[in-house]
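The structure appears right after this line, and notes come after that.
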Amino acid sequence: MGPEPGRGRFITLEGGEGAGKTTLSRALAGALAASGLPVLRTREPGGAPGAEAVRALILGGGSWDPVAEAMLHFAARREHVARTIGPALDAGIWVVCDRFADSTLAYQGAGQGLSRDVWECLCGLTLGALRPDLTLLLDLPPERGMGRALSRGDANRYERQSDAFHARVRDGFLAIAAQEPERCVVLDASRSPGEVLDLSLAAIRNRLGVAA
Ligand code: T5A
């Protein structure tokens, strides 16, 4: 079934630490805008005032069990969807979002042991029928991504996790992409930023049928 006429498209960027999501999101939003599409660039956790407050809480430290931590991410996500993403899509704006619900399944699920059942329950409760139209998974060996991320300065609470944690997160993302190949495209994030952008624009053309 195609998208509702006049509705924007929802593109999410996923991947481990330092995979290049922020870099790609900036370039992609610029390329889509240059092709004449209205675009909103946003990120998680965050993207709405209440969600940014939850981001500061989560990334600032603290310790929660995986269900509690997932609920914090979904609380932020609910605010983000209700106040930013949903209204933009309704207005015909394309949304490019740096991380979304797949990050919770990879980090809190594969990384921290949250069950898929709980994740699905939280998705149902907070997202309704909303799912990304396209997810670009930037895949990179964790040690390369961590090297890129840490070269920018202080590590956040997830970046300080073990190598084994980051390996599980990577496997978690790849498992999601394997389960939903119609929604997800895996990109080699070790390529240059320009090559990653070109691969992303090709995926948008192929999957969404838009000449971006
Ligand atoms: N989290 C998030 C959860 O646990 N559960 C959830 O549900 C959600 C939503 C968010 C943290 O929260 C966790 C995951 C995260 O740990 P964040 O600060 O927003 O924290 O961190 P990230 O989303 O991981 O973003 P990063 O900024 O660390 O990485 P990016 O955005 O993937 O990478 P980017 O673009 O900033 O690039 C990093 C460096 O690499 C260079 C850039 O210039 C930059 O210096 N670079 C490249 N170099 C070579 N080749 C390329 N192709 C490059 N692309 C970028």
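The values are calculated or read from the model by the stated rules, or taken from the named source; none is laboratory data. Everything numeric here is computed off the predicted structure, so don't read it as measured data. All Cβ positions, glycine included, derive from the backbone under ideal geometry; neighbour counts span all protein chains shown. Surface accessibility is based on the protein's heavy atoms, side chains included, excluding ligands, DNA and RNA. Shrake-Rupley method; radii C 1.70, N 1.55, O 1.52, S 1.80 Å.
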Based on the mean of other beta carbon atoms within 10 Å per residue, what is the order of 184-190, 95-101, most packed first? 95-101, 184-190
To the nearest 0.05, what FRET efficiency results for ALA202 and LEU174 with a Förster distance of 22 Å applied to their C-beta separation? 0.65
Output for segment 10-208 (equivalent-ellipsoid semi-axes, sqrt of 5λ from the C-alpha gyration tensor, Å, descending) is 24, 21, 16
At 1.4 Å probe radius, can you tell me the per residue accessible area of segment 10-208 in Å²? 44 Å²
Can you pull out the trypsin sites (Lys or Arg not before Pro) in segment 125-204 whose DSSP state is coil and whose Cβ has at most 13 other Cβ atoms within 10 Å? ARG152, ARG157, ARG160
Quick check for me: using +1 on Lys/Arg Cβ and -1 on Asp/Glu Cβ, what's the dipole size of the chain about its Cα centre, in debye to the nearest 20? 440 debye
About the Cα centre, and with charges only on the beta carbon of Lys, Arg (+1) and Asp, Glu (-1), how big is the dipole of segment 1-112? Nearest 20 debye, please. 320 debye
Residue ranges of DSSP H helices in the chain that stretch 20 Å or more (Cα, own long axis) and have mean Kyte-Doolittle hydropathy of at least -1.0 are 66-80, 163-179, 193-208
Length-normalised contact order of the chain, Cα under 8 Å, at least 6 apart, in percent, tallies to 31 percent
What do you reckon, how do MET71, MET146 stack up by accessible area (1.4 Å probe), largest on top? MET71, MET146
Using a 1.4 angstrom probe with every protein chain in place, what is the largest-first accessible-area order of SER151, SER200, SER35? SER151, SER35, SER200
I'd like the distance between the alpha-carbon centres of segment 73-143 and segment 1-36, rounded to an integer number of Å. 14 Å
If you scale each eigenvalue of the Cα gyration tensor by 5 and take the root, what three semi-axes come out for segment 69-113, rounded to whole angstrom and sorted largest first? 24, 11, 5
In whole percent, and with a 1.4 Å probe on the protein chains, what portion of the accessible area of the chain is carbon and sulfur? 54 percent
Given the chain, what percent of its DSSP beta bridges are antiparallel, to the nearest 5? 0 percent
Within segment 114-212, GluC sites (Glu not before Pro) in DSSP loop having at most 13 other beta-carbon neighbours inside 10 Å: GLU182
